[in-house]
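Student: So that we are looking at the same thing, I have put the structure below in structure tokens.
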């Protein structure tokens, strides 16, 4: 793997405040680095523990007298529960307790206030195979397992609805009683400007239909939780969760006990990707079982259960109509999406908006209309997975642009460069965009991949690609771009408090403790929380002790989702560190009899650069400061700028800033077998600034890898109401052998909104990979795959269509009959200047 | 996690002790060597033995003896890694080395044995599932149920032979030695299999597969191609084993055996016969590939669609023949080498 990083002013329309974080006071370090820590490829602070197996995940927790729990799950996709009889299970030796929904308060819950539709243990109905109906605590897992099989549940099976079409066609079968229509969870419509007029202005108007199959996160660590209810009535939950704060709030509601008596600790998470963002039945059952038995209770999910817990990528059917001028400019775009939501709401309302609202951030789309509907089905509920709701429409738009480029005879790379969104402006749907490094991302991947020679102009389909006559494999290249948010601008519950808080505490040893509610899910947030204070205080990251994600110790951070942590925790950590630094500087300045502003913090010393021999050790500086000030503990807070569009639904989409990615894929397609072999992926990512290029590169590569899986093989497929392959062996996800060489190019735009200019890295680079692969397949063999995953069977079907003289397109043929809401009509804000940048309500 | 059920593990040091243990525990007992397939199946309650007779401590089951001139004998307990890396096998029985090297993943090949792969349970995506999953769908006749879920009207089970090495050994004319308290017998490998997803092995339950005997290499050339979604982990959903011997410029003798399209490896004798006496050219290869695809009758119970697997049988046979004819490299590198 190779990585290159380069500074850039491309898209950075305004200068950033170089001295904002005290950088101006520091002498430049040797070499090319401006900073001592930031920008260096340091190992993660938890790297040693991870590679030696010392990291204690939730399933590694063992407490004295601990019991083991197990959930009994529904074998029916849709059924009424007639009765549950646990008599035989309770009589089994070694069983401590068996609970059903009757043992929990009758409260429905859900992660979003508008979708309170879940029960930890179902009481009236089950809505999918895998819904929990009872839970057991026993002396060991075998006994718990055995006891589950002794619970007698009588079901009355109901018709299971297993697709968008089926759910819409059977309004007489109701999965839920609430929503925007029979089996319609959410129906939204937004319009920004007159799309029909925009299409009338266009030289080319395309309508296309796409389908994106649902897939799941597949974290290596299966969900697990340990709950311990103390004799004092207080409760502690250790859980593999990305959102300890939301779990904390919801546990109080679900268990009907004061939140003040609940402590939630997020254990190190072995992969999240959005799959550990909801409160789950096993967490709630562990808590209740612990309360009833007086023992700590652990419930560790099996791999199969993780497929049912899910909350992954929505299957989305899309219709997209876009007008283009002959130069490739977009005159307007109208997108309709139908999401297969599965059995519950989860984050689905947000997901529905996300299939529409981020589209206008990448290119100039002056007029935009979006209609979306989320439909309930009897499948595991979908929710946020890496890219939350945005990879699906990205696939649609980027493939459509490729088709338009061909019709217009334009180089698809050139065409994209021509239509990039303008930095520091607003989009049609009122999102404020700051820096944009996409042009440079495109330049870098186009140059490195040898795009011009390899693409070589649109060729007629019969011409085929370069291939020796005896070889069945044809090579092709494809390109696509994307944008993604750096943190959601609003919390999942309405409030005006900070989104992230950090406490920095210096001790007399010269060590610094950082307390923050953020959860490290492998992305490296603990490391970021060490790097930023270390940079500002001039100490080594190893001197920083990070204490994350404990609701009774750490200030709230909303959670590891929407790529918000580096920016939001980072800004809070910077503010807290600066406050500490100011006090330390005052104390040292008094001792050295100099001005505090003259002091530099570096190499674990504080002093005047020109008189460095007199510099005091950081530990001594802390003692001076503590003597002067008292305990050195300082808080920092961050809330994103309030930029929600002034219309209903305007709260989803705003973000402090957006990352950008461009991707070129080169692959071969075997015309006899339909097999696709990836050769190289070149990916450029506008990261704002790489706080640690090694970690950013890891996030980019992980995104590319995950995108490859979604493009070529992964799918949550059901047969007779049941998940067809809930196992790591048969749910096909790529191995290292399917992963090509990934060439990463980091583009730095130094965004004024981000910590030291940083934007997100963990999600955005997934988005362009899928359409780039589809476009490369077309370039190789002339088959348009308007559906993912692209399988060998689809390729062969497309080639067969071509042989029969038909359009070589494989994908959905129809869209459902469906009436969207009357749209909320708002004037397009396209091209308006951005609102004020970097106004922070919690900054001093 | 899913836990293994409780069981008694016996670790005999001699073949006689192992055979005696199998005889005395009867249907309650199963043999285990590498355990890479058996233990996961036990976790999912596909197998429910109360006694496991471990073969790992029996020295006689280990190692490769003899040479290509007179034929070689491979102890059934030899790991797949060892088979794949054995020089004599690579040089003279290349299809076997290829097939052994394509089983699952490197870690599992280090544990899994040749005997285990030859006897590996048939697979079906209605069967290789947890107890709870199978209960939700309705149990099938292979375990806990009465009907076949792939072909509901069928009186038999259609689980798929999923061994990579079995079709190759068949094509190479290998024999296997079986040992029990009743004595020892050696049979052609094809006599080991039956076309039934449940009773897929013709051996007695108490018989222990001790050796795989390969005949003298004698000018035979061989190739194996495997279809699967990924370059590692996956069981074959199609395996094509071709062995042939040239007689001057024409084919003197040939065997084609197709794996993973039925409950046992499927020979394609008509296709093989069409090769004999002919020069190995493209036209012949196309004709033979069409003939070979005839016996392949995959059903919808593995990864990929079954029409696709059927279609690929023809392509893979043609590619295997072409590679033996030196006409083109067979398949992707991932299919040739582990």
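Student: Roughly how large, in nm² to one decimal, is the mean projection of the convex hull of the alpha-carbon atoms in the range A:585-691?
Tutor: 15.3 nm²
Student: Please give the calculated 222 nm ellipticity per residue for chain A, where each DSSP H segment of at least 4 residues contributes -39500 (n - 2.57) and the sum is spread over every residue; nearest 500 deg cm²/dmol?
Tutor: -8000 deg cm²/dmol
Student: If you line up the Cα atoms of the range B:1-60 on their principal axes, what length do they span on each, largest first, in Å?
Tutor: Largest first, the range B:1-60 extends 36, 21, 14 Å along its Cα principal axes.
Student: Further question on the same structure: Which residue, B:49, B:298, B:265, tops the fluctuation ranking in a GNM of chain B built on C-alpha contacts under 10 Å?
Tutor: B:49
Student: Using the Kirkwood radius over Cα pairs, work out the Stokes-Einstein diffusion coefficient for chain B at 25 °C and 0.890 mPa s, in µm²/s as a whole number.
Tutor: It comes out at roughly 121 µm²/s.
Student: What is the Cα centroid distance between the range A:206-255 and the range A:44-95, reported in whole angstrom?
Tutor: Here the two parts' Cα centres lie 14 Å apart.
Student: So what are the three principal axis dimensions of the range A:77-154 from its Cα atoms, in whole Å, longest to shortest?
Tutor: 43, 22, 19
Student: I would also like to ask the following. 7 Å from Cα along Cα→Cβ at both residue B:65 and residue A:801: what's the point-to-point distance in nm?
Tutor: Simple spin-label model gives 6.1 nm for this pair.
Student: Still on this structure, I have one more. Just how far, in whole angstrom, is the range A:678-698 from the range A:310-326 if you go by their alpha carbon centroids?
Tutor: Result: 26 Å between the Cα centres.
Student: Equivalent ellipsoid semi-axes for the range A:88-217, as square roots of 5 times the alpha carbon gyration tensor eigenvalues: give them largest first, rounded to whole Å.
Tutor: Ellipsoid semi-axes (Å, largest first): 46, 16, 15.
Student: Right, something else. Using only the Cα atoms of the range A:667-718, each taken as one equal point scatterer with no solvent, compute I(q) by the Debye sum, divide by I(0), and report log10 of the ratio at q = 0.15, 0.20, 0.24 Å⁻¹.
Tutor: -0.59, -0.83, -0.98
Student: Please give, to one decimal in nm, the separation of the simple spin-label points placed at residue B:216 and residue A:612, each 7 Å out from Cα toward the Cβ.
Tutor: So the two model labels end up 8.2 nm from each other.
Student: Given the convex hull of the Cα atoms of the range B:30-92, what is a quarter of its surface area in nm²?
Tutor: 5.1 nm²
Student: Further question: Taking N as the number of residues in chain A, what is its alpha-carbon radius of gyration divided by 2.2 N^0.38 Å?
Tutor: The value comes to 0.96.
Student: Between helix B:15-25 and chain B, what is the angle of the helix's C-alpha long axis to the longest principal axis, kept within 0 to 90° and rounded to the nearest 10?
Tutor: 50 degrees
Student: Kindly give the semi-axes, whole Å and largest first, of the ellipsoid equivalent to the range B:182-281, taking each as the square root of 5 times a Cα gyration tensor eigenvalue.
Tutor: So the three semi-axes of the range B:182-281 are 27, 20, 13 Å.
Student: A follow-up question, please. Average partner chain C-beta neighbours within 10 Å, per residue of B:127-138?
Tutor: 6
Student: Under a no-solvent Debye model with one identical scatterer per Cα of the range A:689-844, what's log10 I(q)/I(0) at q = 0.11, 0.13, 0.15 Å⁻¹?
Tutor: The calculated log intensity ratios at q = 0.11, 0.13, 0.15 Å⁻¹ are -0.75, -0.94, -1.06.
Student: A further question on this structure: Using packing as a proxy for protection, rank A:294-303, A:237-246 so that the peptide with the highest average count of other Cβ atoms within 10 Å comes first.
Tutor: Result, highest mean first: A:237-246, A:294-303.
Student: Please work out the C-alpha center-to-center distance from the range A:744-802 to the range B:5-62 and express it in whole Å.
Tutor: Taking the Cα centre of the range B:5-62 as reference, the centre of the range A:744-802 is 49 Å away.
Student: What is the extension gain from residue A:149 to residue A:49, computed as 0.36 nm multiplied by their sequence separation minus the C-alpha to C-alpha distance, in nm to one decimal?
Tutor: 32.2 nm
Student: With a point put 7 Å past each Cα toward its Cβ, work out how far residue A:819 is from residue A:793 in nm, to one decimal.
Tutor: For residue A:819 paired with residue A:793, the spin-label model returns 3.7 nm.
Student: Counting only other chains, what is the mean number of Cβ atoms within 10 angstrom of the Cβ of each residue in peptide B:218-230?
Tutor: 2
Student: At a Förster distance of 41 Å, what's the computed FRET efficiency of residue B:181 paired with residue B:273, Cβ-Cβ distance as r, to 0.05?
Tutor: 0.50
Student: Taking only the Cα atoms of the range B:211-338, how large is their convex hull per residue, in Å³?
Tutor: Expressed per residue, the convex hull around the Cα atoms of the range B:211-338 is 115 Å³.
Student: Which value results for Rg/Rh of the range A:332-478 when Rg is the Cα radius of gyration and Rh the Kirkwood radius based on the inverse mean 1/r?
Tutor: Result: Rg/Rh = 1.05.
Values quoted throughout were computed directly from the atomic coordinates according to the rules given, and no laboratory measurement underlies them. No experiment lies behind these values; they were computed from the predicted model shown. Note that we place each Cβ from the backbone using ideal geometry, even for glycine, and neighbour counts take in every protein chain shown.
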